[in-house]
C-alpha cells in the first residue's frame, strides 16, 4: 500500500529529473534552462491575438463534454473527469484528491502556461472504489495525434498526443520525457509494477479559447 501511495509523487519527480540534471550541467535533455537560450517556450499571450481568438470555434465534442470548469476530456477513450487543483504534493493528500477525479500536480505548470502540466489519475485503485478509481485505465489506447481537451478557468486548451511510454519508474527516469501536457498513471491496470506516461503538445489554434465566445 505504501509503495502504491507514493507512486504518484515519484512519477512527477521522475518526469523532471532531466530538467534538474541539465539545469546543473549534468546531462543534456529536452528541458532547457531559460537563462541559457533565447528559444524558451513563449508565454500564453504569444500564441494568439484577440482578433484570432474571436474567429476560433469551440469544437462540438469539447463543448458537449466539458460542462464543468477545470475538467479533462479525452475523445478516444471517452474519459471525462474533473481536474482537482491539489494544494499539497505529499502522497496522502494526492490520494485523497484522486477520489474526486484527476489531479493537477501542484508543482507543475498551469494549463496554457510555460512548462509542463502534469495530470495524475488512477488506472485502478485498492482504495474504496468510486467512479474515478479507473479514470486513466484506457491511456494505453491513445496514439500519436489523438486529442486531449482541458477546460481550465473557463478557457479551452487542446493538446495532441505526441508520445507514449510504458515502463518502470527507473527506466522512464532515464528516458527523455517532455511535453506541454503529461498524463500519468500506474500500469498495468490492477498493479503498480510500472507506469504509463502520455505526452501531448498544446495546439496553438485553440489556446485559451473562452467558452463564452
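Here, each number is a calculation from the coordinates, and none is a lab measurement. The shown structure was predicted, so the numbers you read here are calculated from the model rather than taken from an experiment. With ideal geometry, Cβ positions are generated from the backbone for all residues, glycine too; neighbour counts draw on all protein chains shown.
With label points built 7 Å along Cα→Cβ from the Cα atoms of residue 96 and residue 171, find their separation and express it in nm.
Here the modelled spin labels are 3.5 nm apart.
Among 129-140, 78-89, what's the highest-first ranking by average C-beta atoms within 10 angstrom per residue?
On the way: 129-140: 18.4, 78-89: 16.2.
My ranking of the peptides, most packed first, is 129-140, 78-89.
Expressed as a rounded percentage, what relative contact order does the stretch 73-194 have, with Cα pairs under 8 Å and six or more residues apart? Don't skip to the answer; put the middle values down first.
Details: 214 pairs, mean separation 30.0, N = 122.
Once normalised by length, the contact order is 25 percent.
Output the peptides 177-186, 149-158 sorted from most to least packed, where packing is the average of other Cβ atoms within 10 Å over each peptide's residues.
177-186, 149-158
Can you check what the Kirkwood hydrodynamic radius comes to for the stretch 57-164, Cα pairs only, in Å to one decimal? Please report the intermediate quantities before stating the final value.
On the way: mean 1/r = 0.0700 Å⁻¹.
Final number for the Kirkwood radius of the stretch 57-164 is 14.3 Å.
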